[in-house]
Amino acid sequence: MLKKWYPADQIEKYLIIDAFAVSFLIYQVFIVNGSVNLALKMILFLLLLVSHYAGLWYRDWRLLMASLAGSSLLVALAVNVDSWILMYGFVFADLLGRANRKAIMITGMAGIAAMFVLYGWINEGSPFAFFSTMYFPIMIAQLVAPIVVNAREKANILKEKLAIANAQLERYIQEEERNRIARDLHDTLGQTLTMIKLKSELTMRLVENNPEKAKHELQDILNTSRYALKQVRELVTDMKFVSLKKEMELSKDILQKAGIAFVMNDDESLPHLSNVAETMAALSVREAITNIIKHSEANQCTITPYIESEYYCLQVSDNGNGSLKQGEGNGLQSMKERMAMLQGDIQITSSQGKGTVITFKVPLTSSGRG
């Protein structure tokens, strides 16, 4: 509920600070200086809160307008109530540090400087009067604050991008490992099975004409089959099992770092799936999440698991641009191939500007995790 009234990405770091700042302002305006016209104080206070609130939600020109309006209101409050009100300028300085353009930040900083100059002019009769007061270092601190905050924000963004890149690299490495195993299956096991096929055809021709030689060929087929089984065991041992539950947790972490809210409608517990089926489902979800981060421009992703007839279904939806089918390199083919390997299904619906819904259908099995 709170996220509807306060930016979700700022609750952890800034909500307590903003609550303290507003409490301090109320104390200064309505308690310490109670003799000033109450109606005037109430109007200025409410307008200042509106400016502050607008600055919380925006990073563009609206933040600049809120900051300039807030600086003007602080001058009015400082003149009519108390000069310490100017300390509230740190709040707007902090907001300016999160602006999406340097021009907005610099113009807002000029507004903060003008706030001190105007206050000195009105209160002392000279625009340079504040230079000889304690407000000069306070002004310098408020002008430095946006630069520091901006540098910190950029560092956090780079850190998040690096984390996403590392996670994607890890996924890429895992995918390449699976491709290697697939090639090994084709090159080694495929060759062995071809040999078994040829020897079986030869044996069928020898059964009636040369039983002894047919018996010898059957022994070769048996030995070759054992060797093929050994190859399969070696390759399967090399292939790491991917837990669907852990993949969901990793997806949530990556989406949140990319600024995309993650919603998990977990109404169904994970049914009995074979290792291969769960791994293919997890990798398909991974591909869908990667696509959302790269192409969708969404701010929310929802995963809904449910049981439908003899299928375990995973619905991955976003509220993005709905351009999945138009993008290239979005992994649609690999998702389809994985579902086809399981004799499952994949359904994709997208609407321009309304998002995309991908539903994976994995056949249920009672064989457990074998």
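The values are calculated or read from the model by the stated rules, or taken from the named source; none is laboratory data. Remember, it's a predicted structure, so these values are computed and weren't measured experimentally. Heads up, the Cβs are rebuilt from the backbone with ideal geometry, glycines too, and the neighbour counts pull from every protein chain shown.
Considering GLU287, GLU297, GLU308, which residue is under 12 Å from LEU364 (Cα atoms), in contact (Cβ under 8 Å) with a residue 24 or more places away in the chain and among the acidic types (Asp, Glu)? Talk me through it step by step, then tell me what you get.
Values: GLU287 fails: under 12 Å from LEU364 (Cα atoms); GLU297 fails: under 12 Å from LEU364 (Cα atoms).
Unique residue meeting the criteria: GLU308.
If I filter the stretch 209-219 for residues that are modelled with pLDDT under 80 and aliphatic (A, V, I, L, M), do I get at least one hit?
yes
Among the residues of the stretch 135-149, is any outside the structural domain of LYS13 (by TED's automatic domain parsing), in contact with a Lys or Arg (Cβ under 8 Å, 6 or more places away or on another chain) and within 30 Å of LYS294 (Cα to Cα)?
Within the stretch 135-149, one or more residues are outside the structural domain of LYS13 (by TED's automatic domain parsing), in contact with a Lys or Arg (Cβ under 8 Å, 6 or more places away or on another chain) and within 30 Å of LYS294 (Cα to Cα).
Would you check which residues across the stretch 86-103 are of a type in the set (A, V, I, L, M, F, W, C) and surrounded by 21 or more Cβ atoms within 10 Å (Cβ to Cβ) and list them?
So in the stretch 86-103, the residues of a type in the set (A, V, I, L, M, F, W, C) come out as 86-87, 90-93, 95-96, 99, 103.
Scanning the stretch 86-103 gives LEU86, VAL91, PHE92, ALA93, LEU95, LEU96, ALA99.
Could you grab me the full set of residues in the stretch 253-289 that are over 15 Å from ALA165 (Cα atoms) and in a helix (DSSP H, G or I)?
Filtering the stretch 253-289 down to residues over 15 Å from ALA165 (Cα atoms) leaves 260-285, 288.
Within the stretch 253-289, ASN275, VAL276, ALA277, GLU278, THR279, MET280, ALA281, ALA282, LEU283, SER284, VAL285, ALA288 qualify.
When you look at GLY108, is it out of contact with any Lys or Arg (no Cβ under 8 Å at 6 or more places or on another chain) and in the same structural domain as PHE24 (by TED's automatic domain parsing), yes or no?
yes
Does VAL81 count as among the β-branched types (Val, Ile, Thr), more than 24 Å from ILE31 (Cα to Cα) and touching a residue at least 12 places away in the same chain (Cβ under 8 Å)?
no
Would you list the helices (runs of 4 or more DSSP H) that sit entirely within the stretch 16-100 and hold 3 or more residues that are small (Gly, Ala, Ser) and under 23 Å from VAL148 (Cβ atoms)?
38-57, 61-80
For ILE292, state whether it is more than 19 Å from VAL242 (Cβ to Cβ) and either buried (at least 22 other Cβ atoms within 10 Å of the Cβ) or aliphatic (A, V, I, L, M) (or both).
On the way: more than 19 Å from VAL242 (Cβ to Cβ): no; either buried (at least 22 other Cβ atoms within 10 Å of the Cβ) or aliphatic (A, V, I, L, M) (or both): yes.
When the stated conditions are applied, ILE292 does not pass them.
If you go through the stretch 118-148, how many residues are buried (at least 17 other Cβ atoms within 10 Å of the Cβ) and either aromatic (Phe, Trp, Tyr) or closer than 16 Å to ILE85 by Cβ (or both)?
Final tally of qualifying residues: 8.
Out of SER83, SER72, SER35, report the one residue that is of a type in the set (Gly, Ala, Ser), more than 35 Å from the chain's Cα centre (by Cα) and modelled with pLDDT of 85 or more.
Checking each option against the conditions leaves just SER72.
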